[in-house]
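The values are calculated or read from the model by the stated rules, or taken from the named source; none is laboratory data. Keep in mind that this is a model prediction, so the values were computed, not measured. Cβ placement follows ideal geometry from the backbone for every residue including glycine, while neighbour counts extend to all protein chains displayed.
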Amino acid sequence: MSDPLRLGIAGLGTVGIGVVKIVQRHADLLALRCGRPVEITAVSARSRGRNRGADISGYAWEDDPVALARRDDVDLVVELMGGEDGPALAVTRAAIAEGKDVVTANKAMLAIHGHALATEAEAASVALRFEAAVAGGIPVIKALTEGMVGNRITRVMGVMNGTCNYILTRMEDAGLPYDTVFEEAAQLGYLEADPNLDVGGIDAAHKLTLLASIAFGTRPVFSAIDLEGIQRISVEDIRHAADLGLRIKLLGVARMTGRGLEQSMSPCLVPADSPLGQLKGGTNMVVIEGDSVGQIVLRGPGAGEGPTASAVMADVADLARGLRIPPFGQPAATLVEVTAARATAAKPFYMRMTLVDRPGALARVAAALGDAGISIDRMRQHGHEGTDVPVIIVTHKTTRDAIDHATGLFSTTGVVVGEPVAMAIEAI
Ligand code: HSE
């Protein structure tokens, strides 16, 4: 059997310890499948003394992760510290400079610095792999770079933040408001240290940035994503959506259009009986469409010790076997600059607004929609008490720009109370 592949693990949080456990538990299996042993030689983390639920006494300890990357007995650096800059970026760059392969789960770092890091890694002839950065345990990057390599990708979409999906499904199932369920999620430990990464859609948008780059051969540019979180979703919207046979999801969508790459991470409605509509709790789902294969649906755990470590090991095993693929599936120099196209694809929209209940109010709203070039497909006005009336409108296919134009016109009608809600209905 060949020489062992010697890992240095920087970061012993949930995922790092998950990797330690897999390497220890499946040493024989990995050696057989990779054709060589996979071993851990050194580890690094912030505090040495903590009880982590795994025996790390047999590994060399480094306080400084950069020193770990430079050790002669480390062939491959596994970066699991997280954070877009700081030590994670330093250890990744140190490993590349040392001519060592890197496996990371760090979506934030790659969404921001991915193109620069890929360029540096390729110049140094080292691998930079990140299966665990997108949708946890779902092998979605392998699906794109390997299983679907013979396809032109037409659309990638999915639910890629389990915490948001938990919050939305719990709001629907229990009829509870956003703030109450947010607190529950916090008590359950589901939220990131900065909750805005989850509920603001940033974590999911980092993941979409990486998938879109691989799918469409574009440079990863996080700021090119149209981003909106779930904080404004109300139980009313969830109920109205259900009445229409729809469910609200924080949905990432990337598609190449004639005008450029359209990327959005925002609350959207999907058919309740579709695979995305049926997705409950903290599970993730990625839907990929290719010109040869059609539609692929991948579903699985998007976070947690075992699932994320499982994805890290997929990359480690590839490198142990000698399978080397450029970080974004093709050479970094060939990734084209993103021309960001904002919501060019026409879709139906769900709109909810509150109107003053007086003669001609609805006619004014309908006229504003008409002036914006928007045609109404369905409309519902519910029975009510008091002077204001909630109205739900489903439009025929239109664009986000037209919807924004219409909502701008609403403010001149004198009959729309407060801010209207508008969400795209995504066909799947
Ligand atoms: N906080 C993320 C989620 C997991 O809820 O899916 C890591 O990206």
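Sort out which residues of the stretch 39-69 are touching a residue at least 60 places away in the same chain (Cβ under 8 Å) and part of a loop (DSSP other than H, G, I, E, B), and write them in order of number. None - no residue of the stretch 39-69 is touching a residue at least 60 places away in the same chain (Cβ under 8 Å) and part of a loop (DSSP other than H, G, I, E, B), so the list stays empty.
Yes or no, residue by residue, for (1) assigned by TED's automatic domain parsing to the domain that holds Leu251; (2) farther than 30 Å from Ala132 by Cα; (3) touching a helix residue (DSSP H, G or I) at 6+ places or on another chain (Cβ under 6 Å):
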residue	(1), (2), (3)
Pro307	no, no, no
Leu319	no, no, no
Ile325	no, no, yes
Gly383	no, yes, no
Ile392	no, yes, yes
His396	no, yes, no
Thr399	no, yes, no
Pro420	no, yes, yes
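Ile214 falls short of the stated requirement of being assigned to a loop (DSSP other than H, G, I, E, B) and not basic (Lys, Arg). Of the candidates Gly201, Gly136, Gly217, the single residue that is on the phi > 0 side of the Ramachandran plot, of a type outside the set (A, V, I, L, M) and more than 15 Å from the ligand (Cβ to nearest atom) is Gly217. The set of residues in the stretch 163-180 that are within 16 Å of the ligand (Cβ to nearest atom), under 18 Å from Ser274 (Cα atoms) and not aliphatic (A, V, I, L, M) comprises Asn165, Tyr166, Thr169. Within the stretch 275-299, the only residue that satisfies the criterion of being at pLDDT 95 or above and on the phi > 0 side of the Ramachandran plot is Gly294.
Based on this model, can you work out whether Leu208 counts as without any contact (Cβ under 8 Å) to a residue 60 or more places away in the chain, at negative phi and in a helix (DSSP H, G or I)? Spelling it out, Leu208 is indeed without any contact (Cβ under 8 Å) to a residue 60 or more places away in the chain, at negative phi and in a helix (DSSP H, G or I). Check whether at least one residue in the stretch 211-229 is at pLDDT 95 or above, in contact with a Cys (Cβ under 6 Å, 6 or more places away or on another chain) and under 21 Å from Met351 (Cα atoms), and report yes or no. No, the conditions are met nowhere in the stretch 211-229.
Here Ala361 meets each of (1) exposed (fewer than 14 other Cβ atoms within 10 Å of the Cβ); (2) at pLDDT 90 or above; (3) more than 27 Å from the chain's Cα centre (by Cα); (4) not polar (S, T, N, Q) with one exception, condition (1).
Condition check for Thr399 on (1) under 27 Å from the mean Cα position of the chain (by Cα); (2) farther than 27 Å from Gly245 by Cα: one failure, at (2). The set of residues from the stretch 387-411 being in a loop (DSSP other than H, G, I, E, B) and touching a residue at least 24 places away in the same chain (Cβ under 8 Å) comprises Thr387, His396, Lys397, Thr399. Residue selection: Ile214 satisfies the criterion of being more than 21 Å from Asp401 (Cα to Cα), touching a residue at least 12 places away in the same chain (Cβ under 8 Å) and either in contact with a helix residue (DSSP H, G or I) (Cβ under 8 Å, 6 or more places away or on another chain) or surrounded by fewer than 24 Cβ atoms within 10 Å (Cβ to Cβ) (or both).
Within the stretch 176-222, being small (Gly, Ala, Ser), over 17 Å from Ala133 (Cα atoms) and within 14 Å of the chain's Cα centre (by Cα) holds for one residue alone: Gly200.
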